[in-house]
Ligand SMILES: Cc1cc2nc3c(=O)[nH]c(=O)nc-3n(C[C@H](O)[C@H](O)[C@H](O)COP(=O)(O)O)c2cc1C
């Protein structure tokens with residue numbers, strides 16, 4: 001099942017470096033780009049916006065837009081770039097997105113979303129999917145989600161990922177809209193029950209692999225956002241626990257080693273170390289030395305010319321702390337994380 005486990009699209013977070021890093025922790029997780037608007041895809045610097053490393057497959061691009069013809073054109077461009085799936089954002093509540101009449105406010109215009117999906121399906125051979133909420137504002141979530149689902153399924157949508165809470169379009173920031181409207185997982189389970197043929201993935205507030213497995217009793221897939229980003233080591237369990245494959249690396253130390261060739265290649269192209277390592281700050285969470293690791297990266301990786309040596313120095317803080325722990329000596333770093 002292609003959507004069994006995925007890492008959510010997250011603006012400013014799931015850029016290509018982040019995705020390549022997550023890929024060293026799981027070969028099977030499906031990765032999503034940050035949302036890219038149709039205007040940016042059609043008129044913007046494409047290679048910078050859409051370029052990705054071949055290691056990232058399977059990787060889906062998430063589009064923001066509501067003009068069927070523009071979405072079709074953008075989908076075609078993304079297909080030419082080699083993406084494995086095109087996903088439409090029907091969940092983002094930011095004001096900027098509402099002004100453009102896309103994102104979560106499209107929950108109120110299911111027929112238009114259907115037209116968008118139909119146009120993209122006609123334009124590409126890839127799976128076309130939708131990520132939505134269970135409703136917005138005072139919508140009845142039974143009706144709103146059913147109507148949206150009916151429209152996109154009729155248009156040929158290949159899978160639906162549902163962030164299991166409403167978006168409130170007035171008065172909440174996007175961040176608050178990820179925490180304050182209450183979660184309603186059973187609503188998503190009911191959707192799956194009612195549409196056994198549609199692949200349905202659930203998203204929102206899921207933090208552990210135990211929770212992932214529990215949700216998989218009711219739906220086809222689980223999408224993790226913040227938990228995967230903030231504590232990427234949990235991704236090590238995805239391949240063995242969910243797919244019966246060996247984990248690609250044994251632990252966070254090996255993950256960094258496996259990621260080094262990618263980092264070296266980007267640094268050689270002129271990328272700054274910090275642009276890459278900023279996505280790795282959550283590594284070693286809960287281990288002695290994690291704070292020293294983070295502090296070293298925060299102060300040193302931003303310096304011009306910082307290279308892999310800087311990262312190795314940061315990692316050495318963790319190893320040394322562990323040795324000290326092994327010998328039973330106390331250290332201030334043990335108080336961290
Ligand atoms: C920093 C950040 C940026 C996000 N950007 C997007 C986005 O571009 N497109 C989207 O559909 N959702 C976006 N989201 C929402 C996530 O995809 C996800 O639906 C939400 O965080 C709930 O899942 P979680 O509780 O597992 O994090 C973003 C979330 C965060 C934290």
Does residue 175 qualify as being under 22 Å from the mean Cα position of the chain (by Cα) and either more than 16 Å from the ligand (Cβ to nearest atom) or closer than 18 Å to residue 218 by Cα (or both)? no
Any residue in the stretch 207-234 that is within 17 Å of residue 290 (Cβ to Cβ) and modelled with pLDDT of 95 or more sitting within a Cβ distance under 6 Å of a residue that is near the ligand (Cβ under 9 Å from one of its atoms) and in a loop (DSSP other than H, G, I, E, B)? List the pairs, counting only those 6 or more apart or interchain. 227/207; 229/13
Residues to consider are 198, 172; find the one that is within 30 Å of residue 69 (Cα to Cα) and not in a helix (DSSP H, G or I). 198
Looking at residue 205 and the list (1) on the phi > 0 side of the Ramachandran plot; (2) over 15 Å from the mean Cα position of the chain (by Cα); (3) within 13 Å of the ligand (Cβ to nearest atom), which single condition is not satisfied? (2)
Take the conditions within 16 Å of the ligand (Cβ to nearest atom) and either outside the structural domain of residue 307 (by TED's automatic domain parsing) or surrounded by fewer than 20 Cβ atoms within 10 Å (Cβ to Cβ) (or both) and apply them to residue 249. Does it pass? no
Screening 169, 145, 160, 183 for residues that are surrounded by 16 or more Cβ atoms within 10 Å (Cβ to Cβ) and within 18 Å of the chain's Cα centre (by Cα) leaves only 160
Identify all residues within the stretch 148-157 that are part of a loop (DSSP other than H, G, I, E, B) and surrounded by 15 or more Cβ atoms within 10 Å (Cβ to Cβ); write none if there are none. 155, 157
Kindly check whether there is at least one residue in the stretch 130-139 that is crowded, with 19+ Cβ neighbours inside 10 Å, in a helix (DSSP H, G or I) and touching a residue at least 60 places away in the same chain (Cβ under 8 Å). no
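The values are calculated or read from the model by the stated rules, or taken from the named source; none is laboratory data. The structure presented is a predicted model; accordingly, all values stated were derived computationally and were not measured. All Cβ positions, glycine included, derive from the backbone under ideal geometry; neighbour counts span all protein chains shown.
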